[in-house]
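Just so you know, all these numbers are worked out from the coordinates, no wet-lab data involved. Predicted model only: the values in this text are computed from it and were never measured. A quick note on method: Cβ atoms are made from the backbone with ideal geometry, for glycine too, and the neighbour counts reach across all protein chains shown.
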Amino acid sequence: MGNWPFKFIGIIIAVIIAGCGQMSNLTSISVSPSSATVGILKTQRFYATAYDQTGKVFPTTISWSVSGGIGTIDTQGIFYAGASELTGSVIASAQGKSASAPVKVTTKGSISGIIKNTDAVMVSGINVYLSAYPNLSSISDSSGRYAISDVPYGTWEVKTSQNVLYIATSQTIAVLTAESVSQNITIPYRFSIENESFNNSPITSVTGTVRNNGSTEAKSVTITYTFYDDTGGIIDVAIGYAGDIPAGGANAFSAIPTSSIDSYYSKTRTVSAGSF
């Protein structure tokens, strides 16, 4: 009992030590979006979050600023772009820490989308361009996707190039400053088959008319039908010839298999030309 005051003091000290955990300090700041492209005289809202050394959100007041003369930003993180095309940064600061997001102020936009044929199949290798600015172009990838950047403000004719399978087509697309416009494009086949007829039971020929939808004459046009069984094996091939077909013209054809075809599981058809 004689030592109780000292024991009491020791308990108080232990409680104080136990209650003194690690102090929370601001160690980093993140800015969202991490980068931005903003049209001239337009606005973009930015957000900032501060974190302590454990990764938890640290409550603090954020100060905003910009670099590069790109515009101004208010206390709420709303950026106001200037009237000139410039690049710079939006900066968030607090307690000696800061983070920035690069910003591009532009008068241009972009156009992107998917190229499909009239069978709704995505088509690769198609050149897409602005008729007024042919250097602003893109080639569709393996998924049919194209993307044209740095498109000036305005309304433009977007065209696809003609090739051996497809004819050229165009779309009129309006682009606003810093706007990303999504526009899918459907391209027609260069050749179309009309009045197709299979002489069935068994198949001894396929007849019809092939039309050249292109803008130039197609020479030595060939139509090939391939017939398959249920395992994917080729049963037979029927080949027909339509000769030279002028632009917009059509010629009759008759494709004859090497032997009569009693039945088949599936078939494909291709049309080709020696030159255009």
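Among T61, T231, T169, the order by Cβ neighbours within 10 angstrom, fewest to most, reads T231, T61, T169.
F198 sits among other residues whose Cβ lies under 15 Å from its own Cβ, and their net charge, with Lys and Arg +1 and Asp and Glu -1, is -2.
Here the Karplus curve 6.51 cos²θ - 1.76 cosθ + 1.60, taken at θ = phi - 60°, turns the phi angles of region 117-132 into couplings of 8, 6, 9, 6, 9, 5, 10, 9, x, 9, 7, 10, 8, 7, 4, 7 Hz, with x standing for Gly and Pro.
Taking amide hydrogens as placed 1.01 Å from N in the peptide plane, the amide H of S205 sits under 5 Å from those of N199, each at least 5 positions away in sequence or on another chain.
With N as its number of residues, the chain has a Cα radius of gyration that, divided by 2.2 N^0.38 Å, comes to 1.84. Considering only the chain, what is the antiparallel percent among its DSSP beta bridges, to the nearest 5? Antiparallel bridges make up about 90 percent of those DSSP assigns within the chain. Cβ crowding within 10 Å ranks L41, L136, L26 as L41, L26, L136, fewest other Cβ atoms first. Here the chain is assigned +1 on the Cβ of each Lys and Arg and -1 on the Cβ of each Asp and Glu. Its dipole about the Cα centre then comes out at about 1120 debye. Relative contact order for region 30-175: what is it in percent, counting Cα pairs under 8 Å that are at least 6 residues apart? Computed value for region 30-175: 18 percent relative contact order. The percentage of C-alpha pairs in region 25-106 whose separation is greater than 21 Å is 26%. To the nearest ten degrees, helix 4-19 and the longest principal axis of the Cα atoms of the chain are 30 degrees apart.
For region 25-106, a crude dipole built from +1 on the beta carbon of Lys and Arg and -1 on the beta carbon of Asp and Glu, taken about the Cα centre, is about 100 debye to the nearest 20. If the chain linking E179 and T27 were pulled fully straight, counting 0.36 nm for each residue of separation and taking away their Cα-Cα distance, it would gain 51.1 nm.
Taking a ≥ b ≥ c as the square roots of the eigenvalues of the alpha-carbon gyration tensor, region 166-220 is classed prolate because a/c is 1.5 or more and a/b outweighs b/c. When only Cα pairs below 8 angstrom with a gap of at least 6 residues are kept, the chain shows a relative contact order of 12 percent.
Applying the Karplus relation 6.51 cos²θ - 1.76 cosθ + 1.60 with θ = phi - 60° to region 65-72 yields 3J(HN,Hα) values of 8, 10, 10, x, x, 7, x, 9 Hz, where x marks Gly and Pro.
Counting lysine pairs in the chain whose alpha carbons fall under 16 angstrom apart, excluding pairs fewer than 8 residues apart on the same chain, gives 4. In region 108-187, the DSSP beta bridges split such that about 75 percent are antiparallel, to the nearest 5. The residues neighbouring D236, those whose beta-carbon lies less than 12 Å from its own, together hold a net charge of -1 under the Lys/Arg +1, Asp/Glu -1 convention.
Cβ crowding within 10 Å, taken as a proxy for footprinting-reagent exposure, orders T106, T258 from fewest neighbours to most as T258, T106. A simple count of charges around T224, restricted to other residues whose Cβ falls under 13 Å of its Cβ and scoring Lys, Arg +1 and Asp, Glu -1, yields +1. Converting phi to 3J(HN,Hα) with the Karplus coefficients 6.51, -1.76 and 1.60 and the offset θ = phi - 60°, region 36-44 yields 7, 10, 10, x, 4, 6, 9, 10, 8 Hz in sequence order, with x at every glycine or proline. Simple spin-label estimate for S197 and D244 gives 2.9 nm between the two label positions (7 Å along the Cα-to-Cβ direction from each Cα). Close amide-amide hydrogen proximity is noted between R145 and I115, each under 5 Å apart and 5 or more residues distant or on a separate chain (H modeled in the peptide plane; Pro and chain starts excluded).
Computed about the Cα centre, the dipole magnitude for region 169-276 is approximately 240 debye when only Lys and Arg (+1) and Asp and Glu (-1) carry charge, each at its Cβ.
Take every pair of alpha-carbon atoms less than 8 Å apart whose residues are at least six positions apart; their mean separation over the length of region 106-192 yields a relative contact order of 38 percent. Could you point to the residue in S140, I70, F58 farthest towards the positive end of the chain's charge dipole, with +1 and -1 charges on the Cβ of Lys/Arg and Asp/Glu respectively? Of the options given, the answer is F58.
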